[in-house]
Amino acid sequence: MTTPADRDPAARGARVDVTPAAADLIRSLRGRHGPLMFHQSGGCCDGSAPMCYPDGEFRTGSSDILLEELRIDGVDEPVQFWMSNAQYETWKHTHLTVDVVPGRGSGFSLEAPDGVRFLIRSRLASVPQHNQEPADFRPTAKRK
């Protein structure tokens, strides 16, 4: 039986989701580069684009939070989605969806050579979702 939570990640309490096109690209990148991670850029290099890296290549520290562990069909391990504490304070009322569009993004993100780029689509989070803290919201969240 399918429940609303099966169809809507926000109903499961997810703060970040991916579109089918983004999931396809994540599977492809995983096959070429191994386990992956995202860090939501704060505007330095590519606006505020989600940047995709081999897992552990982007160093996270006490100024970052683990917002979500994305479960992608066909990818064995969760894909961590990190964001800076400061940016989270600005975006904490939103539900984020990772999408992919044609065009070149930052040269640092793994999808750049494919002629596509990840981007974030956002909407206001539901009240229960807005009141939930991220998956690992501690000012000193560190990588495992």
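The values are calculated or read from the model by the stated rules, or taken from the named source; none is laboratory data. Note that this is a predicted model, so its numbers are computed, not measured. Note: areas computed on protein heavy atoms with side chains; ligands, DNA, RNA excluded. Shrake-Rupley method; radii C 1.70, N 1.55, O 1.52, S 1.80 Å.
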### Task
Scan around ASP55 for amide H atoms under 5 Å from its own, H built in the peptide plane at 1.01 Å from N, and keep only partners 5 or more places away or cross-chain.
LEU36, MET37
### Task
Would you mind working out the accessible area per residue for the stretch 74-120, using a 1.4 Å probe, and quoting it in Å²?
43 Å²
### Message
Under 5 Å between amide hydrogens, which residues at least 5 positions from VAL100 or on another chain qualify, with H placed 1.01 Å from N in the peptide plane?
### Response
ALA22, LEU119
